[in-house]
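Below is one structure, written out as structure tokens; the observations come after it.
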Amino acid sequence: MLTAYSDTELQLTADVLVIGGGPAAAWAAWAAAVQGVKVIIADKGFLGTSGAAAASGNGIMAPSPENWDKVLSERYRLGNNLANLRWIERVIEKTWLSLPLVEDWGYRFPKENGESVRQSYYGPEYMRVLRKNLLRIGVQILDQSPALELLLADDGSVAGARGVQRQKHRTYTVRASAVVLANGGCAFLSKALGCNTNTGDGLLMAVEAGGELSSMEASNHYAISTAFNATVTRGVPFGWASYTDEAGKDLGGYLNGRRDPAFLPNALLKGPVYARLDRATPEVKAVIEKSHFIAFLPYKKAGIDPYTERVPVTLVLEGTVRGTGGIRIVNDSCGTKVPGLYAAGDAASREFLAGLASGGGGPNAAWAISTGQWAGEGAAKFAKSLGAHAHERVVRPAGQAGLRSPMAGRSPSQFPNSETFDSDAIVRGVQAEMFPLEKNYLRCEHRLLDSLVKLETLWQQVQGNPKQDTVRDVEFSRRAAALVAVARWAYFSALHRTESRSEHIRVDYPETDPNQLYYQATGGLDKLWVRRDWITDTIATQPVLTTQTIASVS
């Protein structure tokens, strides 16, 4: 693999390798580095500007202590009996304790009455500060260096990763004692703002190494956007919109005074929908234009007044980015089934925080901060346990689909039809099954089975000969394989949860089944599988959160 164009491969060693470039990756790298270990972080883009967080502002689930119980109860309620109270508690507390650090590193939160209000962040500045802090403490950053596969030792533990460096047209290998996968979820290249780096690479790498996924049926989150510029997916301003059809007939769209999340998907299946933000008062306009300014850029560029003019709206698939499914974590340190492998942020399943509902926005921001640190600390501890000779282990690469062909090393005459597969065509094939609302939003058995047959054909294609003339070829062939793999796991899990719960809607099973109180683990490459992980702990009363440690960081 990856030899035709690579004159010199970069070879590095580290105690902890973090893969990713968003908040979870940055927090993981910091948490590991302050434990006194050597840390390398490899990002598909430029750490600080790539990814969903860097693209705009975002709220943070970091309530003041007097509101912790209220937020805990609300998050648990939204999880529809699949969230975990203890984990919600951990996330709230860890996030609250962590945000003063960001201020110490140079971020300036707004102030009210002389006190910092740490309820949201401006993405570009937040990520700039996190990058600057990593460089300050000696973390080595590999930009424009997508990791493509994990390395495994003979005992099955993780031993590093391999990837490509776009700008230097070469491969690289990082031997590491532990690895944190924090390279985001999967939005299937839908062009949702900041999400085109989120193509499910970490999920495929984890399963190839022996890890598992969980709650992959919660992989179908759609977000509202203007149809003329379907990329900015910020839904808050649309909470003050009036919705009409092509003829101008009012469509409603509200339930108990709030925007009904089920309204727009069903309305769009019937025809075009238009929105006008005419319900916004002057006070509301001032707030949303300041806090969600990026949502107004498409209007300004098009010369549209959204408060007086109707604009067509659509839904953009954000998949697992603002969904829930991801790598299954098995302990409080965000470890996976693979020794030495950890998962954080959107790469990890957020089922403990959100059940099958979306944790998008503030909850996911808090999840990135907290799980990033737990994973980084866990990885550092594991690395120390291996001692100084961990890099001498015999290793093997774990990657297959999109990287290596079964024909590798054999004579071309043995395989007369050994043309390289078309990565772009594979991607289009995946999107044809994942984008349509009638397939992925309103699910049913026969449509899921039909899509799985087509995805299986695509999976067989990516087992073939990948094009590897340039580093981009390698990256794109691997990306195509990851997209197919994630789509298969998503629909296979959706097929096996025979109920409707939160964002997982089965039109053939429209009711929520109180007996299906389990998470669905899934995995497998050529042969998919699903396992029910039953929720056995019954909590009669909610835990009381402690605020005793607040004084130490205030």
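The values are calculated or read from the model by the stated rules, or taken from the named source; none is laboratory data. No experiment lies behind these values; they were computed from the predicted model shown. In this analysis, Cβ positions are derived from the backbone assuming ideal geometry, glycine residues included, and neighbour counts consider all displayed protein chains. Note: accessible area is taken over every heavy atom of the protein model, side chains too, but ligands, DNA and RNA are not part of it. Shrake-Rupley method; radii C 1.70, N 1.55, O 1.52, S 1.80 Å.
General observations
- Equivalent-ellipsoid semi-axes of the range 379-538, from the Cα gyration tensor, Å, largest first: 34, 27, 13
- Across the range 199-278, the relative contact order, built from alpha-carbon pairs under 8 Å that are at least six residues apart, equals 24 percent.
- Integer Hz, Karplus 6.51/-1.76/1.60 couplings in order for the range 491-497, x for Gly and Pro: 6, 5, 5, 4, 5, 8, 9
- Split the accessible area of the chain by element, probe 1.4 Å, and carbon with sulfur accounts for 51%.
- √(5λ) per eigenvalue of the Cα gyration tensor, the range 236-290, largest first, Å: 22, 12, 9
- Shown in residue order for the range 32-37 are the 3J(HN,Hα) couplings computed by the Karplus curve 6.51 cos²θ - 1.76 cosθ + 1.60 at θ = phi - 60°: 6, 4, 6, 8, x, 10 Hz (x for Gly and Pro).
- When the helices of the chain are scored as -39500 (n - 2.57) per DSSP H run of n ≥ 4 and the total is divided over every residue, the value at 222 nm lands at -10000 deg cm²/dmol.
- Model label sites at residue 281 and residue 511, defined 7 Å from Cα along the beta-carbon direction, differ in position by 4.2 nm.
- Take the Cβ atoms of residue 534 and residue 425, set R0 to 35 Å, and the FRET efficiency comes out at 0.30.
- Over the range 1-158, Cα pairs under 8 Å with separation of 6+ residues give a relative contact order of 33 percent.
- In this structure the amide hydrogen of residue 160, modeled in the peptide plane, comes within under 5 Å of the amide hydrogens of 151, 176, none closer than 5 places in sequence on its chain.
- Separation of alpha-carbon centers, the range 118-163 and the range 464-483, rounded to whole Å: 22
- Viscosity 1.567 mPa s, temperature 4 °C, Stokes-Einstein D of the range 1-143 from Kirkwood C-alpha radius, µm²/s: 75
- Rough spin-label spacing in nm, given labels placed 7 Å along Cα→Cβ, for residue 115 and residue 78: 2.3
- Relative packing of peptides 345-351, 511-517, 150-156, 500-506 - highest average C-beta neighbours within 10 Å first: 345-351, 500-506, 150-156, 511-517
- Across all directions, the average flat footprint of the convex hull enclosing the Cα atoms of the range 228-380 is 11.1 nm².
- At a probe radius of 1.4 angstrom, the accessible area of the chain per residue rounds to 41 square angstrom.
- Dimensions of the range 414-504 along the principal axes, based on C-alpha atoms and rounded to the nearest Å, stand at 47, 26, 17, largest first.
- Using θ = phi - 60° in the Karplus curve 6.51 cos²θ - 1.76 cosθ + 1.60, the 3J(HN,Hα) couplings for the range 465-473 round to 7, x, 6, 9, 6, 9, 5, 5, 4 Hz; x is entered for Gly and Pro.
- Under a 5 Å amide H cut-off, with hydrogens placed 1.01 Å from N, residue 233 pairs with 193 among residues at least 5 apart or on other chains.
- Three semi-axes describe the equivalent ellipsoid of the chain; taken as square roots of 5 times the Cα gyration tensor eigenvalues and ordered largest first, they are 35, 30, 23 Å.
- Amide H contacts of residue 254 (H built 1.01 Å from N, under 5 Å, at least 5 apart or other chain): 260
- GluC sites (Glu not before Pro) within the range 165-269, DSSP loop, no more than 13 other Cβ atoms inside 10 Å: 246
- Relative contact order of the chain, defined on C-alpha pairs under 8 angstrom at six or more residues apart (%): 22
- With Cα atoms as the point set, the radius of gyration and Dmax of the range 179-240 evaluate to 14.4, 47 Å.
- The chain: antiparallel DSSP beta bridges as a percent of all, rounded to 5: 70
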